[in-house]
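Asker: Pasting a structure here, questions to come.
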Amino acid sequence: MELLDGKLISEKIKVEIAKEAADYLAQSGRKPHLVAILVGSDGGSETYVASKIKNCEKVGFKSSLIRYDDTISELELLEKIRTLNQDKDVDGLIVQLPLPKHIDPEKVTEEIDHKKDVDGFHPINLGRMMRNLPCFIPATPYGILLLLQEYKIDTTGMHCVVVGRSNIVGSPMSILMARNQKVGNCTVTLTHSKTKNLKEQVLQADIIIAAIGKKNFITADMVKNGAIVIDVGINREISTETKSGYKLFGDVDFKNVAPKSSFITPVPGGVGLMTIVGLLKNTLASAKKEIYR
Ligand code: NDP
């Protein structure tokens, strides 16, 4: 078993991003700029946004965090997005999910200018991804591709089973793994809560990508010997063992699955860190107008 070390690889790629950002600053006189909007004070969201902002500073980007109480109206939020869409100093714009119930996440996602949609959630980016056109790839799937690429894992011809079909992870991941690309060319099975015989499906997998949101859901008896296991899950539990007061668990029963796998991502220290790299790469590409003019 070899660990797919998100910490190691994300640090390595961030050095490359920082170098590119410095070159961009020297040429253009400005830094790539990411704006994050956070509505309310969900514990997980606070942590994720803080980490995104911290990492922007680390690689020499400008970042701005705009916070709203969860009483903000949908209209007010949409208006703010429109203003930021017009702001030439903003390269990337993200709105941290989940949003309060009275705000429709679909409306918010569609309001963001697709040319600044560095989370890659806008239907234009997802549509372009489907057609293999230049686009912002959703940050988490992008991070996973980069991780597999760094470990020079040739996925050609493999059977990839994705568990979970969300718009931000499972569904785009299934498309990406089937594309005719270096990391891709898999035969993909996309599974979800209505899938029959899930265990038998997952047992067929050469690569398992678990994005469910349930602690230790993928158990050793569901995993074929030698499978590659990518654990997207971040399940937070209150804990007295850590300084932060909570502990993170993946969707995979790491302790028992790891010995059967050829490669596996840990939680924490795996996909989460690579997601930030995906976001940073998209923001840099936006500043450099590499995707859209
Ligand atoms: P969603 O809740 O949007 O989707 C969960 C998916 O899992 C759904 O498609 C659901 O099926 C499926 N599912 C739920 N129960 C079962 C079951 N018993 N059997 C099979 N499938 C099931 O979650 P996300 O995709 O947003 O996130 C998944 C996990 O990944 C979470 O822990 C989240 O915190 C984490 N995450 C981590 C990121 C990172 O950077 N590492 C980034 C984003 C998310 P159905 O569609 O039928 O309901």
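The values are calculated or read from the model by the stated rules, or taken from the named source; none is laboratory data. Because the structure is a prediction, the values reported are computed rather than measured. Cβ coordinates were reconstructed from backbone atoms using ideal geometry, including for glycine residues, and neighbour counts include every protein chain displayed. For the accessible areas, the whole protein counts, side chains as well, though only heavy atoms, and no ligand, DNA or RNA atoms are used. Shrake-Rupley method; radii C 1.70, N 1.55, O 1.52, S 1.80 Å.
Asker: Within the chain, what percent of beta bridges assigned by DSSP are antiparallel, to the nearest 5?
Answerer: Antiparallel bridges make up about 10 percent of those DSSP assigns within the chain.
Asker: Let me ask another. Using a 1.4 Å probe on the protein chains only, how many percent of the accessible area of the chain belongs to carbon and sulfur?
Answerer: 53 percent
Asker: If you add up the charges near Thr265, with Lys and Arg at +1 and Asp and Glu at -1, over every other residue whose beta carbon is less than 9 angstrom from its beta carbon, what do you get?
Answerer: Net charge around Thr265: -2.
Asker: Rounded, prolate or oblate: pick one for the stretch 101-160, where a ≥ b ≥ c are the square roots of the eigenvalues of its C-alpha gyration tensor, a/c under 1.5 means rounded, and failing that, prolate if a/b is larger than b/c, else oblate.
Answerer: prolate
Asker: With a ≥ b ≥ c taken as the square roots of the eigenvalues of the C-alpha gyration tensor of the stretch 37-131, please select rounded if a/c is under 1.5 and otherwise prolate if a/b is larger than b/c or oblate if it is not? Don't jump to the answer; show the numbers that get you there.
Answerer: Details: a/c = 1.41, a/b = 1.03, b/c = 1.37.
Rounded, since a/c falls under 1.5.
Asker: Only four residue types carry charge here, +1 at the Cβ of Lys and Arg and -1 at the Cβ of Asp and Glu. Report the dipole size of the chain about the Cα centre in Debye, rounded to the nearest 20.
Answerer: 500 debye
Asker: Of all GluC sites (Glu not before Pro) in the stretch 183-242, which ones are in loop regions per DSSP and have a Cβ with at most 13 other Cβ atoms within 10 Å?
Answerer: Glu241
Asker: Something else about it: Residues with beta-carbon under 14 Å from that of Phe121, excluding Phe121: net charge, scoring Lys, Arg +1 and Asp, Glu -1?
Answerer: For residues surrounding Phe121, the net value is -3.
Asker: Give the angle, between 0 and 90 degrees and rounded to the nearest 10, that separates the Cα long axis of helix 6-28 from the longest principal axis of the Cα atoms of the chain.
Answerer: In the chain, helix 6-28 runs at an angle near 20 degrees to the longest axis.
Asker: What shape does the stretch 136-293 have by the C-alpha gyration tensor, where a ≥ b ≥ c are the square roots of the eigenvalues, rounded means a/c under 1.5, and otherwise prolate means a/b greater than b/c and oblate the rest?
Answerer: Values: a/c = 1.77, a/b = 1.15, b/c = 1.54.
Here the stretch 136-293 falls in the oblate category.
Asker: With a cut-off of at most 16 other beta carbons within 10 Å, and DSSP calling the residue loop, which chymotrypsin sites (Phe, Trp or Tyr not before Pro) in the stretch 123-158 qualify? Please list them.
Answerer: Tyr151
Asker: Let me ask something else. Helix 271-287: angle to the longest alpha-carbon principal axis of the chain, degrees 0 to 90, nearest 10?
Answerer: Result, in degrees: 40.
Asker: Helix 139-150 versus the longest principal axis of the chain: what is the Cα-based angle in degrees, 0 to 90, to the nearest 10?
Answerer: Helix 139-150 sits roughly 60 degrees off the main axis of the chain.
Asker: Next up: Compute the length gained on full extension between His192 and Ser239: take 0.36 nm times their separation in residues and subtract their Cα-Cα distance, giving the result in nm to one decimal. Spell out each step's value before the answer.
Answerer: On the way: separation 47, 0.36 × 47 = 16.92 nm, distance 2.95 nm.
Extending this stretch completely gives an extra 14.0 nm.
Asker: Follow-up question, since we're still on this one. Set Lys and Arg Cβ to +1 and Asp and Glu Cβ to -1, take the dipole of the stretch 161-293 about its Cα centre, and tell me which of Asn180, Ile212, Met274 lies farthest positive.
Answerer: My answer, from the dipole projection, is Asn180.
Asker: Also, I was wondering about something else. Report, in deg cm²/dmol and to the nearest 500, the calculated mean residue ellipticity at 222 nm for the chain, where each DSSP H run with n ≥ 4 adds -39500 (n - 2.57) and the sum is divided by the residue count.
Answerer: Value at 222 nm, helices only: -12000 deg cm²/dmol.
Asker: Considering only protein heavy atoms, what per residue accessible area in square angstrom results for the chain with a 1.4 angstrom probe? Display every interim value, and only then the final one.
Answerer: Values: 13900 Å² over 293 residues.
With all protein chains present, the chain gives 47 Å² per residue.
Asker: Lys152: which aspartates and glutamates have alpha carbons under 16 Å from its alpha carbon, excluding same-chain residues fewer than 8 sequence positions away?
Answerer: Qualifying aspartates and glutamates at Cα under 16 Å: Glu2, Asp5, Asp206.
Asker: For a quick protection proxy, order the peptides 94-101, 81-88 by their average other-Cβ count within 10 Å, most packed first. Don't skip to the answer; put the middle values down first.
Answerer: On the way: 94-101: 17.2, 81-88: 13.4.
Per-residue Cβ counts within 10 Å, averaged per peptide and sorted highest first, yield 94-101, 81-88.
Asker: Please flag any cysteine in the chain that has no other cysteine's Cβ under 4.7 angstrom from its own Cβ.
Answerer: By the Cβ distance rule, which asks for a partner under 4.7 Å, the isolated cysteines are Cys56, Cys135.
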